1. So which residues in the stretch 35-61 are on the phi < 0 side of the Ramachandran plot, within 15 Å of the chain's Cα centre (by Cα) and at pLDDT below 75, if there are any at all?
2. For ARG77, state whether it is under 16 Å from VAL128 (Cβ atoms), more than 14 Å from the chain's Cα centre (by Cα) and loosely packed, with under 12 Cβ neighbours inside 10 Å.
3. Taking the condition of being out of contact with any helix residue (DSSP H, G or I) (no Cβ under 6 Å at 6 or more places or on another chain), more than 26 Å from GLN73 (Cβ to Cβ), of a type outside the set (S, T, N, Q) and not in a helix (DSSP H, G or I), how many residues in the stretch 1-38 meet it?
4. Sort out which residues of the stretch 118-143 are within 19 Å of the chain's Cα centre (by Cα), in a loop (DSSP other than H, G, I, E, B) and crowded, with 17+ Cβ neighbours inside 10 Å, and write them in order of number.
5. Run ILE183 past the list (1) modelled with pLDDT under 95; (2) closer than 26 Å to GLY62 by Cα; (3) of a type in the set (Val, Ile, Thr) and report the number of the one that doesn't hold.
6. Tell me yes or no: at least one residue of the stretch 11-20 is aliphatic (A, V, I, L, M), surrounded by 10 or more Cβ atoms within 10 Å (Cβ to Cβ) and under 30 Å from ASP186 (Cβ atoms).
7. Could you list, ordered by first residue, the pairs with Cβ atoms under 6 Å in which the first is in the stretch 21-49 and crowded, with 19+ Cβ neighbours inside 10 Å and the second is of a type in the set (S, T, N, Q), at least 6 apart or interchain?
8. For GLY167, indicate whether it is at pLDDT below 95 and more than 20 Å from GLU56 (Cα to Cα).
Amino acid sequence: MDAKTIFETVKKHNPSVLGHEQFRKFAVLLPIIEKNNELHVVFEVRSHQLRRQPGEICFPGGKIDPEDPSAKQAAIRETEEELGVKSGQFTEVHPLDYLISPFGMIVYTFAGYLDVTEDELIRNPDEVREVFTVPLSFFMENGPRIHYVHFEAQPEANFPFDLIPGGEEYNWRTRQLEEYFYIYGDKVIWGMTARIVSHFVDVLKK
C-alpha cells in the first residue's frame, strides 16, 4: 500500500472513540415538564423486577437497538415506552455531552421538553416503579455532593511483566471515579443520573 492510498483512506475516516465497536451504547433523555407554573425535571424509580439497578433513580432510556435510526430516536422511543409519552408531545429534544463509562458503555444524553402534565405520564410498571419530579430551580441553586470511588490496577496472573519497563515494579496509574449525589426530600439521585443533571445545569449556567 502506497502513501497516497493510506492517506486517502485516513481522510475518509470519521473519528470516534477508539474501540467504540466493543462498547455497549445507550441513550437517555432528561425530560422537562411544566408543573405549578415552573419547570420540573422528571425522574423514574426503576422497578424492583429489573435485574440491573432495581429501585434506583434514573432517566428514561436504554440500549440503542439496531433498528433505531439514531441515538436521539432511541432516547425518544424509550421515553415513549416507559412514560407513555406520544411522539407529538416532544417539542424540544437536543443533545448534551455523551458519557463514556469505565464499564464499557457509551451513554448518549439528551434534554427534552415534554408538552404534558405530570398526570399524563403513564409509567410502564414492568420497568418503572414510580415517577416523580424535582423543580429545576432546586438543581440551579444546589450543587451536587461529590464522593470518590478508587480503583487499583490488578494485572492478571500471567501478565508479561518482562515485556514492560520496570517489570513487576511498574508504576501503574490509579484511578478515582467521581460519584455525584443530590438529596431531595427522601429521594437520593446519584451516579450517572446525577452526573447528567450536573452537566445540564453547567450548560444552562454557561
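The values are calculated or read from the model by the stated rules, or taken from the named source; none is laboratory data. What you see is a predicted model; the values in this text were computed from it and never measured. Note: ideal-geometry Cβ built from the backbone for every residue, glycine included; neighbour counts use all protein chains shown. Note: accessible area is taken over every heavy atom of the protein model, side chains too, but ligands, DNA and RNA are not part of it. Shrake-Rupley method; radii C 1.70, N 1.55, O 1.52, S 1.80 Å.
1. Across the stretch 35-61, the qualifying residue is only ARG52.
2. no
3. The qualifying residues number 3.
4. GLU127
5. The failed condition is (1).
6. No - not one qualifying residue is present in the stretch 11-20.
7. Short answer, once both residue conditions are applied: VAL28/THR109; LEU29/THR79; HIS40/THR133; VAL42/THR133.
8. Answer is yes for this residue.
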